[in-house]
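Notes for the one structure printed next.
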Amino acid sequence: MNVGIIMGSDSDLPVMGQAAAVLDELGIDYEITVVSAHRTPQRMFEYGQSAKNRGLQVIIAGAGGAAHLPGMIASLTTLPVIGVPIKSSNSIDGWDSILSILQMPNGIPVATVALNGAKNAGLLAARILGSTDAAISTKLESYSQSMKAAVMEKALRVEQTKKG
């Protein structure tokens, strides 16, 4: 496994599944599970402390509400951690999650993506891995080219509607 995807609850899966989908598209191995910082702290400790020895290279951690999971995992490992703030049912428009993940103390870095931005978290994890893996870097270049082609196709379609 290259990437660990964890979330505080299975209700976060619709968001965190977007990270898994982009990793699938790029052919990057990952594991995905639920690890609650508040309800299963021992599981969180075991996950964070064993991650590197289990072969993980990057962890994507999503959480809503108080959103302690990304920071706590980052405190337990030297691996890069990408935090995904999730707008959950008990959230204050997602701001509580954003600030809980974004405002980490010095020494415990967590890269933070946008609210519900798990797709970008997956892409950031791929870029981290791609910095030392040429095959992943090549796949990311192809991914970028396909996005460029899609934008150009949309631009042409929009421009043609003006003419018609």
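Overview of results
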{"item": "Check on ALA74, at positive phi and either more than 13 Å from the chain's Cα centre (by Cα) or at pLDDT below 95 (or both)", "result": "no"}
{"item": "Tally, over segment 50-102, of residues that are crowded, with 24+ Cβ neighbours inside 10 Å and within 13 Å of ILE5 (Cβ to Cβ)", "result": "14"}
{"item": "Single unsatisfied condition, ARG54 versus (1) more than 20 Å from THR40 (Cβ to Cβ); (2) in contact (Cβ under 8 Å) with a residue 12 or more places away in the chain; (3) of a type in the set (D, E, K, R)", "result": "(1)"}
{"item": "Selection status of GLY117, at pLDDT below 95 and in the same structural domain as MET44 (by TED's automatic domain parsing)", "result": "no"}
{"item": "Breaking point among (1) under 28 Å from THR132 (Cβ atoms); (2) modelled with pLDDT under 95; (3) not in a loop (DSSP other than H, G, I, E, B), for MET1", "result": "(3)"}
{"item": "The listed residue being in contact (Cβ under 8 Å) with a residue 12 or more places away in the chain and not assigned by TED's automatic domain parsing to the domain that holds MET16, out of LEU102, LEU140", "result": "LEU140"}
{"item": "All positions within segment 60-84 that are in contact with a strand residue (DSSP E or B) (Cβ under 9 Å, 6 or more places away or on another chain) and more than 16 Å from VAL35 (Cβ to Cβ)", "result": "PRO80"}
{"item": "Wholly enclosed helices (runs of 4 or more DSSP H) of segment 37-103 bearing at least 3 residues farther than 26 Å from ARG127 by Cα and either out of contact with any Phe, Trp or Tyr (no Cβ under 7 Å at 6 or more places or on another chain) or among the β-branched types (Val, Ile, Thr) (or both)", "result": "41-50"}
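The values are calculated or read from the model by the stated rules, or taken from the named source; none is laboratory data. In this text the structure is predicted, and so the values were computed from the model without any measurement. All Cβ positions, even for glycine, are placed from backbone atoms using ideal geometry, and neighbour counts span all protein chains on display.
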